[in-house]
1. Considering only protein heavy atoms, with the full assembly of protein chains and a 1.4 angstrom probe, order E119, E200, E20, E187 by accessible area, largest first.
2. I need two numbers for segment 111-226: Rg to one decimal and Dmax as a whole number, Cα atoms only, in Å.
3. Pairs to check: K148/K170; K173/K217; K16/K155. Give those whose C-alpha atoms are more than 22 Å from each other in this structure.
4. Taking the Cβ-Cβ separation of A44 and A124 as r and a Förster radius of 41 Å, what is the calculated FRET efficiency to the nearest 0.05?
5. Provide the FRET efficiency to the nearest 0.05 for the E28-N131 pair, computing r from the beta carbons and using R0 = 25 Å.
6. Run down the lysines and flag those whose C-alpha is under 22 Å from the C-alpha of K12, throwing out any fewer than 8 positions away in its chain.
7. Compute the Kirkwood hydrodynamic radius of segment 15-67, taking the inverse of the mean of 1/r over all pairs of distinct Cα atoms, and give it in Å to one decimal.
8. Could you give the nm distance between label points at S203 and K217, where each point is 7 Å from its Cα heading toward the beta carbon?
Amino acid sequence: MPAMFGKDNKKKELIKSLPEIYAQIQREHQISPGDFPDLQRMQAQLKDQDFQKFHSMKPKLIEAVDNMMAKDIAQLMAMVPKEDVGLNHLGETSMIRGGAFEEVESSPFVVGKGEGVEEGIDDAEWVVLKNKAAYDAIFQTLDPVNGKISGAVAKSEMVKSKLPNSVLGKIWKLADVDQDGMLDADEWALANHLIKIRLEDHSLPTSLPTHLIPPSKRGLGVEIED
């Protein structure tokens, strides 16, 4: 009986310390907070679970997944089928065509025009340059090798945005313009600009719009939007 009470007390301690456990896992495995289940809901569900039936963690399996995501993320994202066919570059259904709605999309008075992905669409200068100095400063702290950083290094910084890994994976795919599995300073700046767009509650494009392609990458045959 005393042993049972001891296990019950340990269980309560673990459930109570779940916020600290979440934080530790985030730090050690660079997992975005957005990918974790709701804290309070998880604590409530754990109260009815028998912890002795839980499988032990397998570090080698986690290491294998980390290596796969770090080395092959660009190739993996390229294999994801496009399920957004029929949507515009904001991930929304296309606008009504014809009649009174003809040419509305090109009007500067359309709601949302010049915001999110469309910011800078009519500017001669690359819109990302507005904040590039700040992005460059962060880039240098990541110890780039030959002017580039790996997926694992980029991930360790990108997860600080607290966006879900699924969203960050899409951002990585868009920012890795030359698809070499690495990010240079311009691509890193672009990734941060896309993160900013999503944090401001705007949708991400399904493919990179012409005006967001870094000047240094134009002419590489990048898939762009019409």
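The values are calculated or read from the model by the stated rules, or taken from the named source; none is laboratory data. Bear in mind that the values here come from a model prediction, so they are computed numbers and not experimental data. Here the Cβ positions follow ideal geometry from the backbone for every residue, glycine too, while neighbour counts run over all protein chains shown. The accessibility values were calculated without ligands, DNA or RNA, using every heavy atom of the protein model including side chains. Shrake-Rupley method; radii C 1.70, N 1.55, O 1.52, S 1.80 Å.
1. On the way: E119 45, E200 95, E20 115, E187 0 Å².
Highest to lowest solvent-accessible surface, that is E20, E200, E119, E187.
2. 13.3, 43
3. Details: K148/K170 19 Å; K173/K217 15 Å; K16/K155 29 Å.
In this structure, K16/K155 exceed 22 Å between Cα atoms.
4. Numbers: r = 55 Å, r/R0 = 1.34.
After rounding, the FRET efficiency stands at 0.15.
5. Numbers: r = 30 Å, r/R0 = 1.19.
My answer for the efficiency is 0.25.
6. Within reach: K47, K53.
7. Numbers: mean 1/r = 0.0791 Å⁻¹.
Roughly 12.6 Å, rounded to one decimal.
8. Between S203 and K217, the label points sit 2.2 nm apart.
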